[in-house]
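A quick write-up on the structure given underneath.
The values are calculated or read from the model by the stated rules, or taken from the named source; none is laboratory data. What you are looking at is a predicted structure, and each value in this text was computed from that prediction instead of being measured. All Cβ positions, even for glycine, are placed from backbone atoms using ideal geometry, and neighbour counts span all protein chains on display. Ligands, DNA and RNA are stripped out before the accessible areas are found, and what is left, the full protein with its side chains, is counted by its heavy atoms. Shrake-Rupley method; radii C 1.70, N 1.55, O 1.52, S 1.80 Å.
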Amino acid sequence: AQSVAQPEDQVNVAEGNPLTVKCTYSVSGNPYLFWYVQYPNRGLQFLLKYITGDNLVKGSYGFEAEFNKSQTSFHLKKPSALVSDSALYFCAVRGVGSNYQLIWGAGTKLIIKP
Amino acid sequence: GAGVSQSPRYKVAKRGQDVALRCDPISGHVSLFWYQQALGQGPEFLTYFQNEAQLDKSGLPSDRFFAERPEGSVSTLKIQRTQQEDSAVYLCASSLSRSYEQYFGPGTRLTVT
């Protein structure tokens, strides 16, 4: 079965420290992977995607993600966290056999403390 | 440029009422998606349009849910005889084509009382 797991419901990081939000997936074949962020009372905003090529993908707002095929992971990272990064983060993977349906993780709440 | 817009942003309906939720996708985006999102959860797929054709409606929870995109641009999600379990945020997303990243609107929060 195809699935996406975000093992942490919440991640707490001090401002200025590096942050990591974890995502693992289970999809046969080559996955298309996405990260989205959701601020309160707002829709989801696209951050970055991995389709093919370099395993390290750079996205919006200084975020990056590393694709690791052997570990089937696509962790979201940022070298120095800002208080304004506090939000809900979703990982998604495009399912095999579909070229449009996304399978979503349950989300990770990121809290950056000043 | 303008993003995806949705209206209304908030809707309160009495149980049994019909509601219509509107989505204006980004101009030129061929693909349009509707999702249902429960509080603190990821989006749940409802339906997918390519231009005016509804290619997948497998996620619609019941035959009370109906979506259309008659001219391949604006889309409307209609829910007939609303029930309390329909209370959720309804998100619309569009993309250049089905394989590209999706851009989301702000959502419509539906509360059924």
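List of remarks:
- Taking every alpha-carbon pair within chain A, the share separated by more than 20 Å comes to 36 percent.
- In the protein assembly as shown, the alpha-carbon atoms span a convex hull of 127 Å³ per residue.
- Taking every alpha-carbon pair under 8 Å whose residues sit at least 6 apart, region A:13-114 reaches a relative contact order of 35 percent.
- Stretched out straight at 0.36 nm per residue, the stretch from B:Ser7 to B:Gln83 would grow longer than its current Cα-Cα span by 25.4 nm.
- Rounded to the nearest 20, the Cβ-based charge dipole of chain B about its Cα centre (Lys and Arg +1, Asp and Glu -1) stands at 380 debye.
- Cross-link partners of A:Lys49 among lysines, defined as those whose alpha carbon lies under 23 angstrom from its own and excluding same-chain residues fewer than eight positions apart: A:Lys22, A:Lys58, A:Lys69, A:Lys77, A:Lys78, A:Lys109.
- Surface per residue (accessible, 1.4 Å probe) for chain B, Å²: 49 Å²
- Considering only alpha-carbon pairs that sit under 8 angstrom and 6 or more positions apart, the relative contact order computed for region B:5-107 is 35 percent.
- Assuming charge only on the beta carbon of Lys and Arg (+1) and of Asp and Glu (-1), the dipole of chain A about its Cα centre is about 120 debye to the nearest 20.
- Candidate cross-link partners of B:Lys57 among the lysines, defined by an alpha-carbon separation under 22 Å and a same-chain spacing of 8 or more, comprise B:Lys78.
- FRET efficiency for A:Leu56 and B:Ala53, using Cβ-Cβ distance with R0 set to 35 Å, rounded to 0.05: 0.40
- Among B:Ser87, B:Phe33, B:Gly105 the positive-end extreme of the charge dipole of region B:28-113 (Cβ point charges): B:Ser87
- In this structure B:Glu44 has an accessible area near 120 Å², from a 1.4 Å probe over the protein heavy atoms.
- Reach of B:Lys14 by Cα under 20 Å, taken over aspartates and glutamates that are not fewer than 8 positions away in the same chain: B:Asp63, B:Glu85, B:Asp86
- Of A:Asn55, A:Ile111, B:Gln50, farthest towards positive along the dipole that unit charges on Lys, Arg, Asp, Glu beta carbons give the protein assembly as shown: A:Ile111
- Chain A: most fluctuating residue of A:Ser80, A:Ser28, A:Ser70 per GNM, C-alpha cutoff 10 Å: A:Ser70
- Low-density loop cleavage sites - trypsin sites (Lys or Arg not before Pro) in region B:59-113, where at most 14 other Cβ are within 10 Å (DSSP): B:Arg64, B:Arg81
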